[in-house]
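The values are calculated or read from the model by the stated rules, or taken from the named source; none is laboratory data. Please read these numbers as outputs of a predicted model, since none were measured by experiment. Please note: Cβ atoms are built from the backbone with ideal geometry, for glycine as well, and neighbour counts cover all protein chains shown.
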Amino acid sequence: MLTHPLLPKLKELCLGGMLESLEQRAALAQEQQLSPVEFLALLLEDELERRHQRRFLRRQQEAGFESLKTLADFDFAAVPSLDRTLVRELATCAFIRAHENWLLCGPTGVGKSHLATAIGYEALKRGLRVLSFGVHRLLARLQVSRADGAYSRLWARLTSVDLLILDDFGLRPLPPQGPEDLYELLAARYERGSVLLTSNRAPTEWPEVFGDRLLASAALDRLTHHARVTVITGESYRQQQRKQPRTAAGRKEKSPPSAASVSE
């Protein structure tokens, strides 16, 4: 009864979402004999929560995660070399607020990408802005953006977010313009925003990925300053699953349930 005449007014005030809980809150106010101010406070709290959720979902989409991975889904037991206390500390995102970097190295399949996405998700939950790219895909996109006029907008996003996740550094050779673009990006973010970089190469191998010693030295100097370096050792989680004993019918025996699969 109340919603029909209020609909155009609420929409004009950009408060159309209030209609979702208006009747429910009106019934509650009558039942608990709330004052008009208390009733209004409930409606405003509902509206703020709706806006917060919409903003969170929008930022999650904008972050560019290939798939959503959380720390709750991470199987620490499958990666015994990983310091879970350190991961829990980094999940507070204090390192992001301090503009520090986290460099995560290890062989394929030990959960580097999963951890990177999970920390990115924790950052989003705390109201921080996140972008996630595979290094090769990012460098290709930068090159394309120069041709289609989107370079300035993309560069502004890359340099302004609180956390930039660069996944799979060194997995593929850098394109011709790649070393210079990567250096410029790291230089622009130095002491202004955090980088979370994953690589299946040891840090000692990173200079050769650039192919240019001078650029490599300048870029890595900025990247590793104010950075934590974590090296994960162990066998690929996917290979561990493949090697599980099989039943007579050729199916893998079920292993004890774990929190979730660990993705690369």
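Residue-wise test of (1) of a type in the set (A, V, I, L, M, F, W, C); (2) in contact with a Gly (Cβ under 8 Å, 6 or more places away or on another chain); (3) in the same structural domain as GLY178 (by TED's automatic domain parsing); (4) farther than 25 Å from ARG58 by Cβ.
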residue	(1), (2), (3), (4)
SER81	no, yes, yes, yes
VAL87	yes, no, yes, yes
ARG97	no, no, yes, no
SER113	no, no, yes, no
THR117	no, no, yes, no
ARG129	no, no, yes, no
GLN143	no, no, yes, yes
ALA150	yes, no, yes, no
ALA156	yes, no, yes, no
Cβ pairs under 9 Å, 6+ apart, first in segment 212-235 and on the phi > 0 side of the Ramachandran plot, second surrounded by fewer than 18 Cβ atoms within 10 Å (Cβ to Cβ) and of a type outside the set (Gly, Ala, Ser): HIS226/HIS99; HIS226/GLU100; HIS226/TYR190; HIS226/GLU191; GLY234/PRO80; GLY234/PRO107; GLY234/GLN240
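Okay, residues lined up against (1) surrounded by 15 or more Cβ atoms within 10 Å (Cβ to Cβ); (2) under 30 Å from GLU205 (Cβ atoms):
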position: ALA29; (1), (2): yes, no
position: PRO36; (1), (2): no, no
position: SER67; (1), (2): no, yes
position: ASP83; (1), (2): no, yes
position: THR92; (1), (2): no, no
position: HIS99; (1), (2): yes, yes
Count - residues of segment 191-212 that are hydrophobic (A, V, I, L, M, F, W, C) and more than 14 Å from the chain's Cα centre (by Cα): 4
Within segment 212-256, tally of residues that are modelled with pLDDT under 90, part of a loop (DSSP other than H, G, I, E, B) and either of a type in the set (A, V, I, L, M) or within 29 Å of GLU180 (Cα to Cα) (or both): 3
Qualifying residue in segment 30-44 (condition: free of Cβ contacts under 8 Å to residues at least 12 places away in the same chain and under 30 Å from VAL130 (Cα atoms)): yes
Every pair of residues 6+ apart whose Cβ atoms lie under 8 Å, when the first sits in segment 75-91 and is on the phi > 0 side of the Ramachandran plot while the second is assigned to a helix (DSSP H, G or I) and crowded, with 19+ Cβ neighbours inside 10 Å: none
Residue identified as in contact (Cβ under 8 Å) with a residue 12 or more places away in the chain and surrounded by fewer than 21 Cβ atoms within 10 Å (Cβ to Cβ) among ARG137, ARG201, ARG153: ARG201
Residue within segment 49-58 that is assigned by TED's automatic domain parsing to the domain that holds ARG141, modelled with pLDDT of 90 or more and assigned to a helix (DSSP H, G or I) present: no
